[in-house]
1. Scanning for something at pLDDT 95 or above, assigned to a strand (DSSP E or B), touching a helix residue (DSSP H, G or I) at 6+ places or on another chain (Cβ under 9 Å) and farther than 22 Å from residue 201 by Cα, does the range 93-101 turn up at least one residue?
2. Any idea which residue in the range 211-260 is farthest from residue 197 (Cα to Cα), counting only those that are modelled with pLDDT under 70 and assigned to a loop (DSSP other than H, G, I, E, B)?
3. Is it true that some residue in the range 129-148 is under 15 Å from the mean Cα position of the chain (by Cα), modelled with pLDDT of 95 or more, part of a strand (DSSP E or B) and closer than 25 Å to residue 18 by Cβ?
4. Would you point out which residue out of 169, 195 is modelled with pLDDT of 95 or more and outside any helix (DSSP H, G or I)?
5. Residue 4 passes all but one of (1) assigned to a loop (DSSP other than H, G, I, E, B); (2) buried (at least 24 other Cβ atoms within 10 Å of the Cβ); which number fails?
6. Does residue 178 qualify as being surrounded by 14 or more Cβ atoms within 10 Å (Cβ to Cβ) and either part of a strand (DSSP E or B) or at pLDDT below 95 (or both)?
7. So which of 70, 111 ends up being surrounded by fewer than 21 Cβ atoms within 10 Å (Cβ to Cβ) and either over 25 Å from residue 15 (Cα atoms) or out of contact with any helix residue (DSSP H, G or I) (no Cβ under 6 Å at 6 or more places or on another chain) (or both)?
């Protein structure tokens, strides 16, 4: 198996940008993209529903990067929280140039055993929450004349079938469609909307809530024989948010080494 590469140094890809990251508490993709944004010279606000973990993440990011992100509690299923998140970014950062929609909820259950509540919970966070944040930030960017960028977190299961993932796959496929359609609507304002579709990115929380055998099987399917590191997904999200991707909009970029 190839060795895991070292996380690269920052290259000022987001210098001067004001970045908001949802679901950034803990050790997953959200906190990794917040770290990468800080390393790339951005001013960052992180949000999450978990107040204690959010504060701990801000402490850790400051220790790792030398820059402390602002924090804001936000439940993406609550419209008032999303409006407060945008207001906090406007107040604390002066506006939003980049929105990283990372919030999502998973679970494993066969469709025949799935309840309406299980279906609604996953779509409520993963799809409706992404829509709600995208809508709010687009309104802000358009009103403020900001030619910004929105990056959504989708998943390869939006394309590929996986057992016990009907609700999550449907939600992530919806995120992909939302990305494409909102990109077309936003282009006239100079706003770009793209998404990443990771296969599997290993972190402590995923290991805690997932079946170890399943994680091993998914990792073994990857060409490199391992799961991605969260920062490897974050790097692609930052690329999409940066000026290097200035002609990309409505795209869903697979962050995967998966093979048949």
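1. Yes, there is a match, as at least one residue in the range 93-101 is at pLDDT 95 or above, assigned to a strand (DSSP E or B), touching a helix residue (DSSP H, G or I) at 6+ places or on another chain (Cβ under 9 Å) and farther than 22 Å from residue 201 by Cα.
2. 211
3. For the range 129-148, residues under 15 Å from the mean Cα position of the chain (by Cα), modelled with pLDDT of 95 or more, part of a strand (DSSP E or B) and closer than 25 Å to residue 18 by Cβ: absent.
4. Of 169, 195, the one residue that is modelled with pLDDT of 95 or more and outside any helix (DSSP H, G or I) is 195.
5. Condition (2) is where residue 4 drops out.
6. No.
7. 111
The values are calculated or read from the model by the stated rules, or taken from the named source; none is laboratory data. Just so we're clear, the structure is a prediction, and the values are computed from it rather than from any experiment. Counting neighbours? That spans all protein chains shown, and the Cβs are built from the backbone with ideal geometry, glycine included.
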